[in-house]
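A.B. asks: Got a structure for you, questions after.
Where a number appears in this text, it was derived from the coordinates with a stated rule and is not lab data. Bear in mind the structure is a predicted one, so any value in this text is a computation, not a measurement. All Cβ positions, even for glycine, are placed from backbone atoms using ideal geometry, and neighbour counts span all protein chains on display.
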């Protein structure tokens, strides 16, 4: 589908479900083939979200085993792999086929990394995003911040046309000290740099709500743990996976659930329960 924003995009036929509460689950699977071998699909088949947004899939569909493809094909897959093999990539799966999706942002240097899928629902546009990592040597911080800026400009335009937006995925940034176990020790590391955190503030000034933090202002709960040092067992983690939603949607949210007991990746799934009909 050709990229379109503003008035043209609002004329699309939106996807409608006939039940009241809509569940969107986001999960950075840190390699889809590895996650499937660890039984990730067993969890999401049982949980059964309406929309499943995966990040860092690091695979083309034809690289999956036949049985794995069969499981995923039942959920109307939309893939956006990176041009570079084994790198980045996102995929979105819907219980029912949406009539409209958009791949990428329309910006080649970001789109070649397979970072964005947009799905049009009845009353919201869902961005499934794997935000860039700034790199241990900080060499990609500028690229990451530019991605934040370009996305916000697109969202501002969509908001100006009356669209409601849900951004979900791995933001690769912890916003506040409450969002990671060791904030002081990580002040100089990507993911908690002041300039990265400032962009979350800017989004919140541009008609977005961090709906988990809105519902749970004092809750210390994480979505990512390094594989080193038994970090997950000790719950030394970061909250990197978010739902930023248009303020107009906030009173339609029933809950945001961080499934921190679900294994299969160094991230855990996060679900938004929202009334969209």
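A.B. asks: Based on DSSP H runs of at least 4 residues, each adding -39500 (n - 2.57), what is the mean residue ellipticity at 222 nm of the chain after dividing by all its residues, to the nearest 500 deg cm²/dmol?
C.D. replies: -6500 deg cm²/dmol
A.B. asks: Follow-up. Could you check how many percent of all C-alpha pairs in region 234-275 are farther apart than 16 Å?
C.D. replies: The calculated P(r) of region 234-275 puts 43 percent of pairs beyond 16 Å.
A.B. asks: Stokes-Einstein D for region 19-275 at 37 °C, 0.692 mPa s, Kirkwood Rh over Cα pairs, in µm²/s?
C.D. replies: Values: Rh = 18.3 Å.
After rounding, the answer is 179 µm²/s.
A.B. asks: Right, here's the next one. Can you sort 87, 227, 130 so the residue with the fewest Cβ neighbours within 10 Å comes first?
C.D. replies: Arranged by neighbour count, lowest to highest, 87, 227, 130 become 227, 87, 130.
A.B. asks: Sticking with this one: Would you mind telling me the antiparallel percentage of the DSSP bridges in the chain, rounded to 5?
C.D. replies: Details: 39 of 51 bridges.
Roughly 75 percent of the DSSP beta bridges within the chain come out antiparallel.
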